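The values are calculated or read from the model by the stated rules, or taken from the named source; none is laboratory data. The model shown is predicted, which means the values in this text are computed figures rather than measured ones. Methodologically, a virtual Cβ is constructed for each residue, glycine included, from the backbone with ideal geometry; neighbour enumeration extends over all protein chains shown.
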Amino acid sequence: MVRAATVLPHEALPVPAEALARLDALAEGLDAAALWWLSGYAAGLARGRGSAAAPEARPAVAAATPPLTVLYGSQTGNAKRIAEALAGRLEAAGQAVRLIRADAYPHRELAQERQLVIVISTQGDGDPPEDARGFVEFLLGRRAPKLPQLRFAVLGLGDSSYPKFCAIGRQLDERLAELGASRWLPRADADVDIERVAGPWTESLEQLARDSTPARPPLATVTPLRSAAPTAGTRERPLEAELLGNQRITGRGSDRDIRHLELAVPGLAYEPGDALGIWPRNPADTVAALLAALRLPGEAEVSVAGPRTTLAEALLARVEITRLSRSFLVAHAERAGDTGLTALLAEEQRESLAARLSQWQLIDLVLAHPAPWRAEELITALRPLQPRLYSIASSRLAVGDEAHLCVAHVAWQQDGQPRWGAASHHLAGLAEETKLPVFLERNPRFRLPTDPARDLVMIGPGTGVAPFRGFLQQRIAEGARGRHWLFFGNPHSRSDFLYQLEWQQAHRAGHLQRIDLAFSRDQARKVYVQHRLLERADELLAWLDGGAHLYVCGDANRMARDVHAALIEVLARRHGGDAERATEALSALQAEGRYQRDVY
């Protein structure tokens, strides 16, 4: 994100027009964090090439003015977006700002920090986002320095349907205070409807920056490298993608409905590892059941984000009804006057509450605990509908202006009634030629190695195999010399071997050197991918010794934990069974970018 200030004619610029064109090409496709890093890199080059005075349009910043670091850890992009917007607001308030992703932050610099703002999400059962694991471990560990001169602020992002809501933000806030730092602003915890908390918090921080920063001239005159006009395919301006194909790829005997979808996305410049965001619609049957249970007219007009609409349309496309939140449960319990429901909200019932939130949808709560609601009040109390992210299962080099997805249709029975996940049910029922709004969510922490000779070890059971289809397509198209090894698992080989023909063809052609399979229900003893890793420990160590990159994609709560533990056990065999040294070795691979995870 390049901010435009005063636009100068080319003849007034200190950079030749040809060089500016090259800079424009270089910046194309880079995200905000990369552009901020690039600006710092250029400043470092300038310092190293002499003490020539800066152009008059760029007044020097007093050395006594301490910069403020905005550090973010983001799993799905929300913390990144908030951090970018916050950095812009603080700059506008006259504060010198450095915006940096947690895994790019040099730990040694923490002792010299004077102002630090952290925006960080919590995943699953109280885990940090992948790009912040190293920073969190360092800050919570013994090597963290005392920080008596630091003032800080922490904004945590999370989902209150999980027991350890915003746990990582809370831990970092408490740890910084323990190390002697002083709070610039009390910690805030934002639920899925992020702006309700993040908006006021960032406004308060901006005002504090204005009050504490002496007036000074602008940091620099910035010339935009490219047009600031919004492009299609962003969260704010989705691309209308046409559905080209929707095929079930699990067999007739499978209890899983997994779909391969192909979408026309002209001009969407994704890379293998990126995700596609889908704005879903809630199940129409569920909306009808809700209106009947609440005895509310679907045609009633309500106010919600965007123009006024009907209650029925708001329930279909504006608010969450397939995911319950703790905040709504609190409001509903007050209206219902139900002591049993109120007891469930007690602190000692956190685990029971989490189980209920994971099993129930709004319709289940309304049927089990009736309570009166007015249309407008109901919509205000519900969280805004959020997009769902799916790993892209293709490479543009192989499929052109298309993006392929591998989506599991989430469906189950609750008290004998069918229940569905919003996005997967919406996608599963779409006919070809349907248009749907999509956007690109870049994932720079899950990327192919720049060296085409590097080997890849890819661990992706179930729909976690999706990005590896794109990885292999890309590497084949580029003529990469590195080898490829896939670990895949699912319940049954006969019905659940996703993309079986493609993997077998790639293996016969010599593009996929190894494939290890774990079909858990095809024998008496359940076998998962982590078991295959342990069986192939010696070969895996040999690949890693040769510089292989290791990738994991899929379920965070069970598979990713078990695979991580198996990898530590594999590495421990090299260190005489020392699990601590093996953990350090795996962390080192992660720091080098050779162990990357995309888990959810």
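Looking at (1) of a type outside the set (Phe, Trp, Tyr); (2) touching a Phe, Trp or Tyr at 6+ places or on another chain (Cβ under 7 Å); (3) buried (at least 19 other Cβ atoms within 10 Å of the Cβ), which is the only condition Ala144 fails? Condition not satisfied by Ala144: (3).
Would you check which residues across the range 387-400 are under 13 Å from the mean Cα position of the chain (by Cα) and more than 12 Å from Leu263 (Cβ to Cβ) and list them? Spell out the reasoning first.
Filtering the range 387-400 down to residues under 13 Å from the mean Cα position of the chain (by Cα) leaves 387-391.
Pro387, Arg388, Leu389, Ser391, listed by residue number.
Return the only residue of Ala346, Ala354 being of a type in the set (Gly, Ala, Ser), over 30 Å from the mean Cα position of the chain (by Cα) and over 30 Å from Ala232 (Cα atoms).
Working: Ala354 fails: over 30 Å from the mean Cα position of the chain (by Cα).
Testing whether each residue is of a type in the set (Gly, Ala, Ser), over 30 Å from the mean Cα position of the chain (by Cα) and over 30 Å from Ala232 (Cα atoms) leaves just Ala346.
Criterion first (free of Cβ contacts under 8 Å to residues at least 12 places away in the same chain, in the same structural domain as Arg574 (by TED's automatic domain parsing) and charged (D, E, K, R)) does Arg558 satisfy it? It is true that Arg558 is free of Cβ contacts under 8 Å to residues at least 12 places away in the same chain, in the same structural domain as Arg574 (by TED's automatic domain parsing) and charged (D, E, K, R).
So, restricting to helices (runs of 4 or more DSSP H) that lie completely within the range 269-376, which ones have at least 3 residues that are at positive phi and assigned by TED's automatic domain parsing to the domain that holds Phe471?
none
The residue list Ala408, Ala431, Ala393, Ala403 contains one member that is touching a His at 6+ places or on another chain (Cβ under 9 Å) and more than 30 Å from Arg196 (Cβ to Cβ), which is Ala393. Take Arg475 and tell me if it is without any contact (Cβ under 8 Å) to a residue 40 or more places away in the chain and over 26 Å from the mean Cα position of the chain (by Cα). Spelling it out, it is not the case that Arg475 is without any contact (Cβ under 8 Å) to a residue 40 or more places away in the chain and over 26 Å from the mean Cα position of the chain (by Cα). Taking first residues from the range 106-133 that are farther than 22 Å from Pro186 by Cα and not assigned by TED's automatic domain parsing to the domain that holds Asp193 and partners that are buried (at least 18 other Cβ atoms within 10 Å of the Cβ) and modelled with pLDDT under 95, no Cβ contact under 9 Å between residues at least 6 apart in sequence or on separate chains turns up. Here is a check on your reading of the model: is Arg350 surrounded by 18 or more Cβ atoms within 10 Å (Cβ to Cβ), charged (D, E, K, R), within 16 Å of Tyr162 (Cβ to Cβ) and modelled with pLDDT under 95? Spelling it out, it is not the case that Arg350 is surrounded by 18 or more Cβ atoms within 10 Å (Cβ to Cβ), charged (D, E, K, R), within 16 Å of Tyr162 (Cβ to Cβ) and modelled with pLDDT under 95.
Considering only residues that are out of contact with any Phe, Trp or Tyr (no Cβ under 7 Å at 6 or more places or on another chain), surrounded by 14 or more Cβ atoms within 10 Å (Cβ to Cβ) and either hydroxyl-bearing (Ser, Thr, Tyr) or farther than 21 Å from Arg442 by Cβ (or both), which ones fall in the range 585-600? Reasoning before the result, please.
Keep residues of the range 585-600 that are out of contact with any Phe, Trp or Tyr (no Cβ under 7 Å at 6 or more places or on another chain), which gives 585, 587-588, 590-595, 597, 599-600.
Filter once more, so that each one left must be surrounded by 14 or more Cβ atoms within 10 Å (Cβ to Cβ): 585, 587, 590, 594-595, 597, 599-600.
Within the range 585-600, Ala585, Ser587, Tyr595, Tyr600 qualify.
Here is the figure for the range 545-559: residues that are at pLDDT 95 or above and assigned to a helix (DSSP H, G or I) total 2. Being modelled with pLDDT of 95 or more, out of contact with any Lys or Arg (no Cβ under 6 Å at 6 or more places or on another chain) and of a type outside the set (Val, Ile, Thr): is that true of Ala229 here? Judged against the criteria, Ala229 is not a match.
If the condition is being assigned to a loop (DSSP other than H, G, I, E, B) and either of a type in the set (A, V, I, L, M, F, W, C) or modelled with pLDDT under 95 (or both), then the range 257-268 contributes Val265, Gly267, Leu268. Residues that are surrounded by fewer than 16 Cβ atoms within 10 Å (Cβ to Cβ) and closer than 30 Å to Phe471 by Cβ do not occur anywhere in the range 364-372.
Would you say Arg252 is within 25 Å of the chain's Cα centre (by Cα) and part of a loop (DSSP other than H, G, I, E, B)? Reasoning before the result, please.
On the way: within 25 Å of the chain's Cα centre (by Cα): no; part of a loop (DSSP other than H, G, I, E, B): yes.
Judged against the criteria, Arg252 is not a match.
Taking the criterion of being among the aromatic types (Phe, Trp, Tyr) and touching an Asp or Glu at 6+ places or on another chain (Cβ under 6 Å), the only residue of the range 415-465 that qualifies is Phe446.
Cβ-Cβ distances below 6 Å connect the following pairs, each with a first residue in the range 290-310 that is farther than 17 Å from Ala368 by Cα, a second residue that is assigned to a loop (DSSP other than H, G, I, E, B), and a separation of six or more residues or different chains: Glu301/Arg308; Val304/Arg318; Thr310/Glu299. Here Pro437 meets each of (1) of a type outside the set (Lys, Arg); (2) assigned to a strand (DSSP E or B); (3) buried (at least 20 other Cβ atoms within 10 Å of the Cβ) with one exception, condition (3).
Of all the listed residues (Ala422, Ala371, Ala375), the sole one being touching a residue at least 24 places away in the same chain (Cβ under 8 Å) and within 24 Å of Thr250 (Cβ to Cβ) is Ala422.
Just to check your reading of the model, which residue among Asp545, Asp516, Asp578, Asp522 is under 27 Å from Gln473 (Cβ atoms), over 26 Å from the mean Cα position of the chain (by Cα) and acidic (Asp, Glu)? Steps first, answer last, please.
On the way: Asp545 fails: under 27 Å from Gln473 (Cβ atoms); Asp578 fails: under 27 Å from Gln473 (Cβ atoms); Asp522 fails: under 27 Å from Gln473 (Cβ atoms).
Matching residue, one of Asp545, Asp516, Asp578, Asp522: Asp516.
Scanning the range 502-533 for residues that are crowded, with 19+ Cβ neighbours inside 10 Å and aliphatic (A, V, I, L, M) yields Ala506, Leu512, Ala518, Val529, Leu533.
Take Ala537 and decide whether it is crowded, with 20+ Cβ neighbours inside 10 Å and either among the β-branched types (Val, Ile, Thr) or modelled with pLDDT of 95 or more (or both). Quick ask: steps written out before the conclusion?
On the way: crowded, with 20+ Cβ neighbours inside 10 Å: no; either among the β-branched types (Val, Ile, Thr) or modelled with pLDDT of 95 or more (or both): yes.
So Ala537 does not fit the description; no.
Checked against (1) crowded, with 17+ Cβ neighbours inside 10 Å; (2) in contact with a Ser or Thr (Cβ under 8 Å, 6 or more places away or on another chain), Glu137 passes all but a single condition, namely (1). Taken as a whole, the condition of being within 25 Å of the chain's Cα centre (by Cα), on the phi < 0 side of the Ramachandran plot, at pLDDT below 95 and among the hydroxyl-bearing types (Ser, Thr, Tyr) applies to Thr234. Considering only residues in the range 414-423 that are surrounded by fewer than 22 Cβ atoms within 10 Å (Cβ to Cβ) and touching a strand residue (DSSP E or B) at 6+ places or on another chain (Cβ under 7 Å), the one that is farthest from Ile278 (Cα to Cα) turns out to be Pro418.
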